[in-house]
1. How many of the residues in region 539-557 are surrounded by fewer than 24 Cβ atoms within 10 Å (Cβ to Cβ) and aliphatic (A, V, I, L, M)?
2. Here are some conditions: (1) closer than 26 Å to residue 77 by Cα; (2) in a strand (DSSP E or B); (3) open to solvent by 10 Å² or more (accessible area, probe 1.4 Å). Residue 307 meets all but one. Which one does it not meet?
3. So how many residues does region 550-566 have that are touching a strand residue (DSSP E or B) at 6+ places or on another chain (Cβ under 6 Å) and either of a type in the set (S, T, N, Q) or touching a residue at least 40 places away in the same chain (Cβ under 8 Å) (or both)?
4. Quickly run through region 476-508 and pick out the residues that are buried (at least 20 other Cβ atoms within 10 Å of the Cβ), modelled with pLDDT of 95 or more and touching a Lys or Arg at 6+ places or on another chain (Cβ under 7 Å).
5. How about region 726-777: which of its residues are open to solvent by 20 Å² or more (accessible area, probe 1.4 Å) and hydrophobic (A, V, I, L, M, F, W, C)?
6. Considering only region 444-461, I want to know if a residue exists there that is open to solvent by 30 Å² or more (accessible area, probe 1.4 Å), in contact with a helix residue (DSSP H, G or I) (Cβ under 9 Å, 6 or more places away or on another chain), among the charged types (D, E, K, R) and modelled with pLDDT under 95.
7. Only one residue in 258, 331 is touching a Gly at 6+ places or on another chain (Cβ under 8 Å) and open to solvent by 10 Å² or more (accessible area, probe 1.4 Å), so which one is that?
8. Just for strands (runs of 3 or more DSSP E) wholly inside region 628-669: which have at least 2 residues that are in contact (Cβ under 8 Å) with a residue 24 or more places away in the chain?
Amino acid sequence: MNKHILSITIKMRKILFVIPFLFGLIGVYINAQIPTNNNERVRQVINFDKSWRFVKDDVKGAEQLKFNDKKWHLLDLPHDWSIEGEFDRDEPSGRGGGYLPTGIGWYRKQLDVPKTLSGKRFYIEFDGVMSFSEVFVNGVKVGYRPYGYSGFQYDITEQVKPGKKNIVAVRVDNSKQPASRWYTGSGIYRHVRFIVKDLVNISHWGVFITTPKVSNDNATVEIETEIKNSSTIDQEIKLVTELFDPSNKSVGSVEKSQKIVKGQSLKLLQTVNVENPILWDLDNPVIYEAVSKVYVNNVLIDDKVSTFGIRSMKFDAATGFYLNEKNIKIQGVCLHHDGGAFGAAVPLSVWRNRLTNLKEIGVNAIRTAHNPFAPEFYDLCDRMGFLVMDETFDTWTAVKNHARYGYHTIFNDWWEADTRDMILRDRNHPSIFIYSLGNEIRDRIADKEGQDRFIKMRDLAHQLDPSRPNTVALFRPNSDWAKAYTNGFAELMDVVGQNYRENELVQAHKDKPDRIVIGTENGHTRQAMVTLRDEPFMSGQFIWTGYDYLGEADWPEIDHGFGIFDRLGNYRAATYQRESWWGKKPVAYIVRKETNAGGGNWVADWTPKDYDTYDVAHMEVYSNCDSVEVFINGKSLGVKDVPNNGSSVSYISSYEKGILKVVGFIDGKELASQEFHSATYPEKIVLSLDQNQLAFNSDEVMTVTVKVVDENGVENPLSDALIYFEVEGPGKIVGVDNGDLECHTSMKGSSKRLYRGTCNAYIQATQPLGVIKVKARGKFLPESSVEFKIEGDKFILTK
């Protein structure tokens, strides 16, 4: 690859979920994919999430067809049993696992296949099982996968008996702890599908779409399709690929015929020119579809819908990153895969809300720290206009603290399969612009052995997807065991990535200006922000982290509060500061020190815990305006200029009950403001919803937010009242959370104590139609309620 100008073609893929066939596998369309064109489908992809039996125990013989599981718990997937447990300081998962239980569990589900499907090929696909999973069909082991973040598919044709009872059983073993530096969860925590194909079919993840030439006038789309012939005779096939624009209009098609030898696979390359394409970008993330159809003797026998985006990308060593020839700064955050009260089994609407909040403050990129996420997460990033750094592992062969049984124990046996499967699965997503092949690797990359290890991964990544570059999130690259900037390791990477110590990365580029550089993990510091803003060669940064996450915290904490947002999505000082740096609209935010005369944390309110002892308020203003002015009860504390170096503006004043207000000015005009009122005793519960209606869909939840207000309707941030929730109608409580770093009560109950005056309850529909009523009350707070309708069953991209 050219090290000075690194061009990347872009594409995207999507896993198609089609309507279930009618033989008892009734499912709900749970994924969040772009609606496809209405042509009839031949391949059958069936939601296999419903009605599993589960037990948290290692039960002998549970894989057998005739095993009696009637006493096991009946549930739907995705499922994370760890988050259902109690926080316990003595849990072996420790600080990394958020002090939640792990262990061994079994899942079983009946699979009914009509006899009319005899002669077809049958597959079962898991998006992720945590961890060390063994899958059995009718008592026969069909596969084993230790890495909990990898998706995988097994051919179960030989085990399935059409017209008879079939049982799929899965043993999950997450008992060896501590195994991770952050929360992993336990169980079949992602979606599962059952797939029926013809004997001649498009291979798993077998469609690869690139756009090697892109302009506003014309785009070249290349489609590589792998087709497998599992029949006992040679077959003459015809592959027809048709492209559709966002309005479902055909924009080009191509066909190709080829003979496939029995038992063999082949790859066919096709090219389509698209005139006047609509380019995928951050503000207009337009999605196209490629519909691939395979014919034998003019009979359609298999089809596949893949989504992709038309756009170009490149890195330039001197000037950074370009999307569609436009130079942009990658303003990213790192995210872990848990969703607070949902643990690892995160409904997609939770990610939708989180990404919406991040986009609002100017974030345009996500790093999947430090593992592949669920496939629908990338679909969401595609459609919401985010760039993604797709990451494989947290470690290679070296052990890390608090992860004694981590990935290093299986790296040598599994790195190739896990890397291969991530890239094959994800390589058509337009959001993905780079692969990270490791985080803070402690292997001795100063030595040949460590470098050779990376070269194997790098070469595999290039082979599977030559259109994207790769990097490694370097950790202390100038240390004796690394020496990455002097021993040639940096030159092995397409893009040089480093965590923190931005001055070292700047110097590494200045020492060798042909190095392309990016910050792969960065702190909330002004120095880091200024480095990205002022150094043209700095392609981007990823702040640690976008949201608080479970784990990596010392008891009594269950998370450490690294996020720009807390687990609920509440703003805090770090949120205000980041929006003033990265946001597009004028803002002026004010925070104060929590205790008198500059003590405690920064808080966003005007209600101290003790009015009698809070005499002097230390305040900070975060703004991207020219100047700001602060008022207390209408009295000005003076107008101050906002520094252009990202610094906040400080004010100190005697405290007075009443109204604190900040105003931001640009060219003398008031364009931003914020105010807080002093609250008195809490008198009333106020409930709010995050959307107007709720879909009957396992990826949709309604967020019910609780606030308490005084007699004047002013929110009281000091209340820690215990709130009891009750649901009437076709809905259920699936989680409760308050964002408190030290709260140890269950996130799966029906009550939660307020933290800083707020908490959330998450509600899911249990029927396709009806009205759900949520009631909330406190011991000394009267009951309040809110109602909403269940409408439809499709995931909604925007609220």
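The values are calculated or read from the model by the stated rules, or taken from the named source; none is laboratory data. Being a predicted model, the structure only gives us computed values, none of them experimental. With ideal geometry, Cβ positions are generated from the backbone for all residues, glycine too; neighbour counts draw on all protein chains shown. The protein model used for the area step is the full one, side chains on, heavy atoms only, and it has no ligands, DNA or RNA in it. Shrake-Rupley method; radii C 1.70, N 1.55, O 1.52, S 1.80 Å.
1. Result for region 539-557: 1.
2. The failed condition is (3).
3. The first filter runs over region 550-566 and keeps only residues touching a strand residue (DSSP E or B) at 6+ places or on another chain (Cβ under 6 Å), leaving 550, 553, 563, 565.
Going one step further and asking which of them are either of a type in the set (S, T, N, Q) or touching a residue at least 40 places away in the same chain (Cβ under 8 Å) (or both), we end up with 550, 553, 565.
Total satisfying the criteria: 3.
4. The answer is 490, 496, 508.
5. Those that are open to solvent by 20 Å² or more (accessible area, probe 1.4 Å) and hydrophobic (A, V, I, L, M, F, W, C): 727, 733, 734, 741, 769, 771.
6. Yes.
7. Numbers: 258 fails: touching a Gly at 6+ places or on another chain (Cβ under 8 Å).
Answer to the check: 331.
8. Values: elements: 635-641, 649-654, 659-666.
Answer list for region 628-669: 649-654, 659-666.
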